[in-house]
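Participant: I am attaching a structure below and will ask some questions about it afterwards.
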Amino acid sequence: MDASTEVYFQEQLQDRRRKLVLAASQSRENTRILDLLQEVDSALDRINRGSFGLCETCHDPIEAERLLANPLLRFCLDHLTDSEQKALEQDLGLASQIQTGLLPKSNLQFSGWQVAYHYEPAGLVSGDYCDLIATQAGDLFFLLGDVSGKGVAASMLMAHLHAIFRTLISLGLSVEEMMNRANRLFCESTTASSYATLTCGRAGKTGQIEICNAGHCPPRLFRSGPVENVEPTSLPLGLFCNTEFSTKRMVLYEGDVLLLFTDGVSEAVNPSGQEYGENRLVTLLTAHHSLPPQKLVETYWSDLAEFRHGATRTDDMTVMVLRRSGEGH
């Protein structure tokens with residue numbers, strides 16, 4: 001563990017200790033608080049002895065995402081007791097249910113737009129962020145991103161982004177201002193190593209789109225000519241608190257299609273180690289752009305499964321298709 005990470009955990013534990021000491025002084029039935037305080041002191045002692053973050057059975061490093069979620073851990077996954085393993089499985093199952101509940105309705109039709117997506121975590125929980133939000137003003141917000149890390153820690157950041165944007169969208173802000181505020185909130189409430197690539201757009205009922213690509217895989221736009229890339233306009237969220245975000249504006253007409261995806265799709269590999277690649281995404285979009293979004297998403301997933309041919313999935317994968325279907329109502 002490097003020095004900066006060690007300092008981070010020490011500060012987190014010292015802060016937790018101060019809160020527990022205060023709680024213990026205010027509570028008569030403080031047995032549990034005192035037990036927690038003892039665990040915190042034990043963790044601080046392990047930092048001083050240089051053994052913090054190492055499994056007490058095998059002395060290998062404890063999984064980083066688990067340690068970030070709970071710095072009091074003393075054992076790696078391979079050396080949990082049966083009861084601890086069962087409790088962990090139950091927690092992961094509940095986290096998966098909660099995350100699934102945060103996903104928007106798929107195959108959505110709203111204000112002259114059709115949208116469909118497919119979202120598939122690599123494990124029980126995912127770091128991909130996918131959302132669709134229709135407003136009373138007739139706008140449709142679409143968001144697709146990928147937070148740093150994997151597993152439970154990444155899923156917590158995903159849920160955090162979900163809450164941030166759901167709150168900001170209700171304020172009626174422009175996409176640019178919303179991204180500026182979301183970045184500041186994300187920076188101020190996460191660790192220095194946390195960030196998220198994200199495409200955030202607003203589709204209006206007359207076909208106009210305002211879109212910000214914060215370091216994410218460039219969405220692909222099919223209109224009448226060659227497929228266009230929507231290149232990044234800004235840095236990822238969370239890198240710097242004072243980042244200023246910018247947007248692009250465009251108009252989509254009936255039949256125009258916007259394809260969004262996470263790098264788990266483009267970087268998926270087959271048994272030979274070959275990547276699926278973005279060119280294959282473009283080729284399919286060109287060939288099947290006239291399909292309804294749900295059918296196009298299914299086409300992508302079928303092609304991806306055939307390409308992977310049973311190869312192990314190592315990253316979360318999400319595809320979203322937005323199609324202009326006509327005048328809004």
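Participant: Taking the conditions exactly as written (in the same structural domain as residue 232 (by TED's automatic domain parsing), modelled with pLDDT under 95 and not basic (Lys, Arg)), does residue 128 satisfy them or not?
Facilitator: Numbers: in the same structural domain as residue 232 (by TED's automatic domain parsing): yes; modelled with pLDDT under 95: yes; not basic (Lys, Arg): yes.
So residue 128 passes the test.
Participant: Restricting to the range 204-230, and then to whatever is under 23 Å from the mean Cα position of the chain (by Cα) and among the polar types (S, T, N, Q), can you tell me which residue is farthest from residue 256 (Cα to Cα)? First the steps, then the outcome.
Facilitator: First, the residues of the range 204-230 that are under 23 Å from the mean Cα position of the chain (by Cα): 209-221, 229-230.
Applying the additional criterion that residues be among the polar types (S, T, N, Q) yields 213, 229.
On the way: 213: 19, 229: 14 Å.
Step by step, filter the range 204-230, then rank; the result is 213.
Participant: Next question. Is it the case that residue 197 is in contact with a His (Cβ under 6 Å, 6 or more places away or on another chain), among the β-branched types (Val, Ile, Thr) and on the phi < 0 side of the Ramachandran plot?
Facilitator: Yes: the conditions hold for residue 197.
Participant: When you scan the range 243-258, do you find a residue that is without any contact (Cβ under 8 Å) to a residue 40 or more places away in the chain and farther than 14 Å from residue 318 by Cα, even just one?
Facilitator: Start the filter on the range 243-258 by keeping residues that are without any contact (Cβ under 8 Å) to a residue 40 or more places away in the chain, which leaves 248.
With the extra rule that they be farther than 14 Å from residue 318 by Cα, the set shrinks to 248.
Looking for residues that are without any contact (Cβ under 8 Å) to a residue 40 or more places away in the chain and farther than 14 Å from residue 318 by Cα, one finds at least one in the range 243-258, hence yes.
Participant: Between a residue in the range 300-319 that is more than 22 Å from residue 127 (Cβ to Cβ) and any residue that is aromatic (Phe, Trp, Tyr) and assigned to a loop (DSSP other than H, G, I, E, B), which pairs come within a Cβ distance under 9 Å, given they are 6 or more apart or on different chains?
Facilitator: Close Cβ pairs (under 9 Å, with a partner that is aromatic (Phe, Trp, Tyr) and assigned to a loop (DSSP other than H, G, I, E, B)) amount to 303/276; 307/276.
Participant: Of all the residues that make up the range 68-85, how many are more than 26 Å from the chain's Cα centre (by Cα), assigned to a helix (DSSP H, G or I) and more than 26 Å from residue 148 (Cβ to Cβ)? Step through it out loud before you land on a result.
Facilitator: The initial filter retains those residues of the range 68-85 that are more than 26 Å from the chain's Cα centre (by Cα), namely 74-75, 78-84.
Filter once more, so that each one left must be assigned to a helix (DSSP H, G or I): 78-79, 82-84.
Within this subset, residues satisfying the condition of being more than 26 Å from residue 148 (Cβ to Cβ) are 79, 82-84.
Number of matching residues: 4.
Participant: Additional query: From 264, 201, grab the single residue that is surrounded by 15 or more Cβ atoms within 10 Å (Cβ to Cβ), under 20 Å from the mean Cα position of the chain (by Cα) and assigned to a strand (DSSP E or B).
Facilitator: Numbers: 264 fails: assigned to a strand (DSSP E or B).
Of 264, 201, the one residue that is surrounded by 15 or more Cβ atoms within 10 Å (Cβ to Cβ), under 20 Å from the mean Cα position of the chain (by Cα) and assigned to a strand (DSSP E or B) is 201.
Participant: Looking only at the range 43-62, which residues are over 19 Å from residue 77 (Cα atoms) and surrounded by fewer than 13 Cβ atoms within 10 Å (Cβ to Cβ)?
Facilitator: 45, 48, 49, 50
Participant: Restricting to the range 104-157, give me the number of residues that are over 15 Å from residue 259 (Cα atoms), part of a strand (DSSP E or B) and under 14 Å from the mean Cα position of the chain (by Cα).
Facilitator: 5
Participant: Pick out the one residue from 89, 65 that is outside any loop (DSSP other than H, G, I, E, B), surrounded by 13 or more Cβ atoms within 10 Å (Cβ to Cβ) and either in the same structural domain as residue 135 (by TED's automatic domain parsing) or at pLDDT below 75 (or both). Give the steps one after another, and end with the answer.
Facilitator: Numbers: 89 fails: surrounded by 13 or more Cβ atoms within 10 Å (Cβ to Cβ).
None of the others qualify; the one that does is 65.
Participant: Further question: Sort through 233, 262 and tell me the only one that's of a type outside the set (Gly, Ala, Ser), free of Cβ contacts under 8 Å to residues at least 24 places away in the same chain and touching a Cys at 6+ places or on another chain (Cβ under 7 Å). Quick ask: steps written out before the conclusion?
Facilitator: Numbers: 262 fails: free of Cβ contacts under 8 Å to residues at least 24 places away in the same chain.
Result of the check over 233, 262: 233.
Participant: For the range 314-329, which positions are surrounded by 16 or more Cβ atoms within 10 Å (Cβ to Cβ) and either of a type in the set (D, E, K, R) or more than 25 Å from the chain's Cα centre (by Cα) (or both)? Steps first, please.
Facilitator: Within the range 314-329, the subset surrounded by 16 or more Cβ atoms within 10 Å (Cβ to Cβ) is 315-325, 328.
Scanning the range 314-329 gives 315, 316, 323, 324, 325, 328.
Participant: Now, a different point. Looking for something hydroxyl-bearing (Ser, Thr, Tyr), modelled with pLDDT of 80 or more and closer than 29 Å to residue 157 by Cα - is there at least one such residue anywhere in the range 43-62? Before the answer, list the steps.
Facilitator: Step one: filter the range 43-62 for residues hydroxyl-bearing (Ser, Thr, Tyr), giving 51, 57.
Now restrict to residues that are modelled with pLDDT of 80 or more: 51, 57.
Next cut, closer than 29 Å to residue 157 by Cα only: 51.
Checked the range 43-62: at least one residue is hydroxyl-bearing (Ser, Thr, Tyr), modelled with pLDDT of 80 or more and closer than 29 Å to residue 157 by Cα.
Participant: Restricted to the range 115-163, and to residues that are of a type in the set (Val, Ile, Thr) and over 13 Å from residue 194 (Cβ atoms), which residue is surrounded by the fewest Cβ atoms within 10 Å (Cβ to Cβ)? Full working, then the answer.
Facilitator: Filtering the range 115-163 for residues of a type in the set (Val, Ile, Thr) gives 115, 125, 133, 135, 147, 152.
Checking the rest, the ones that are also over 13 Å from residue 194 (Cβ atoms) come to 115, 125, 133, 135, 152.
Working: 115: 26, 125: 24, 133: 16, 135: 14, 152: 22.
If we take residues in the range 115-163 being of a type in the set (Val, Ile, Thr) and over 13 Å from residue 194 (Cβ atoms), then 135 is surrounded by the fewest Cβ atoms within 10 Å (Cβ to Cβ).
The values are calculated or read from the model by the stated rules, or taken from the named source; none is laboratory data. Because the structure is a prediction, the values reported are computed rather than measured. Neighbour counts are summed over all protein chains in view; Cβ atoms, including those assigned to glycine, are modelled from backbone coordinates with ideal geometry.
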